[in-house]
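Scroll down for the structure; my scribbles are underneath it.
The values are calculated or read from the model by the stated rules, or taken from the named source; none is laboratory data. Here the structure is a predicted model, which is why all the values come from computation and not from measurement. Note: ideal-geometry Cβ built from the backbone for every residue, glycine included; neighbour counts use all protein chains shown.
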Amino acid sequence: MDYKALIVEDDSGIAGAIADCMAQWGLQAECVSDFRHVMEDFMRIQPHLVLMDISLPFMNGYHWCAEIRKVSSVPVIFISSASDNMNIIMAMNMGGDDFIAKPFDSGVLIAKAQALLRRTYDYAASAPVLEHRGAMLNTGDGTLSCGERKIELTKNEYRILLTLMQNKGRTVSREKLMEALWQTDAFVDENTLTVNVGRLRKKLDAAGLTDFIVTKFGVGYSVG
């Protein structure tokens, strides 16, 4: 499988060196050049791994990691010259999976990257996929399939289902689901959430996935 990495590093020399090193190990790598629009590159490339510097122009790496975590569970390795414990703790708390301090040995970076990729992905999979009761939610392209059937989802429906499937076994509050919808809608209220859940349920029922979303009255929703 060809893995893709996104390098978010404003030192072009370091970014280029990392990309070259990854290419030698069979990993595709692209470097962000416009640090005001990191998420646009992320959504376009759909990487399997992100290497994120902390100190960046405009917004720091913590900000961009938090933005990525709203839409993806892709592994993130922070790279930074600031290797004190507070930065490492902050990196992990913001959703990072590993941390490597500059200057670093390229072999160590590649070893960390490969270990994360092995832990995160099935080698047979082409993109991260969440599965429940035979329904496959592809977080790479936002599609839902059940057997041979593809189920078309709106952005809001995808975010609701993604949040529920990421929290399988737990009830997700209506507040948390509305936070997820804020990413696609200018305004989200209780009624908007109810309408979106209702439409999503109809699509799932039509595909044979009855009672896929369970309502826990007064609490929220879960996948059943």
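Of all residues being of a type in the set (D, E, K, R) and in contact with a strand residue (DSSP E or B) (Cβ under 8 Å, 6 or more places away or on another chain) in the stretch 20-46, which is nearest to CYS65 (Cα to Cα)? Just the residue, please.
The residue in question is ASP41.
Which residue out of GLY218, GLY198 is surrounded by fewer than 19 Cβ atoms within 10 Å (Cβ to Cβ) and part of a loop (DSSP other than H, G, I, E, B)?
GLY218
So which of ILE77, ILE18, ILE14 is of a type outside the set (Gly, Ala, Ser) and within 15 Å of the chain's Cα centre (by Cα)?
Selected residue: ILE77, the only one of ILE77, ILE18, ILE14 that is of a type outside the set (Gly, Ala, Ser) and within 15 Å of the chain's Cα centre (by Cα).
Pairs please, first residue from the stretch 82-100 and polar (S, T, N, Q), second anywhere and at pLDDT 75 or above, Cβ atoms under 7 Å, 6+ apart in sequence or on different chains.
That search, which allows pairs on different chains as well, returns SER83/ALA101; ASN87/ILE54; ASN87/SER80.
Quick one: ASP20 ticks every box in (1) surrounded by fewer than 18 Cβ atoms within 10 Å (Cβ to Cβ); (2) touching a Pro at 6+ places or on another chain (Cβ under 9 Å) bar one, so which box is it?
(2)
Out of everything in the stretch 38-81 that is among the aliphatic types (A, V, I, L, M) and surrounded by fewer than 15 Cβ atoms within 10 Å (Cβ to Cβ), what residue ends up being nearest to LEU177 (Cα to Cα)?
ALA66
Would you check if there is a residue in the stretch 134-141 being closer than 22 Å to ARG69 by Cβ and surrounded by fewer than 13 Cβ atoms within 10 Å (Cβ to Cβ)?
yes
With respect to the numbered conditions (1) modelled with pLDDT of 80 or more; (2) within 16 Å of the chain's Cα centre (by Cα); (3) surrounded by fewer than 16 Cβ atoms within 10 Å (Cβ to Cβ); (4) not assigned by TED's automatic domain parsing to the domain that holds GLY26, which one is the sole condition not fulfilled by LEU162?
(3)
Go through the stretch 93-141 and report how many residues are touching a Phe, Trp or Tyr at 6+ places or on another chain (Cβ under 8 Å), assigned to a loop (DSSP other than H, G, I, E, B) and modelled with pLDDT of 80 or more.
Selection size over the stretch 93-141: 2.
Between residues in the stretch 8-28 that are assigned by TED's automatic domain parsing to the domain that holds GLN114 and at positive phi and residues that are in a helix (DSSP H, G or I) and not polar (S, T, N, Q), which pairs lie under 9 Å by C-beta distance while being six or more apart or on different chains?
Partner pairs satisfying both residue conditions: none exist.
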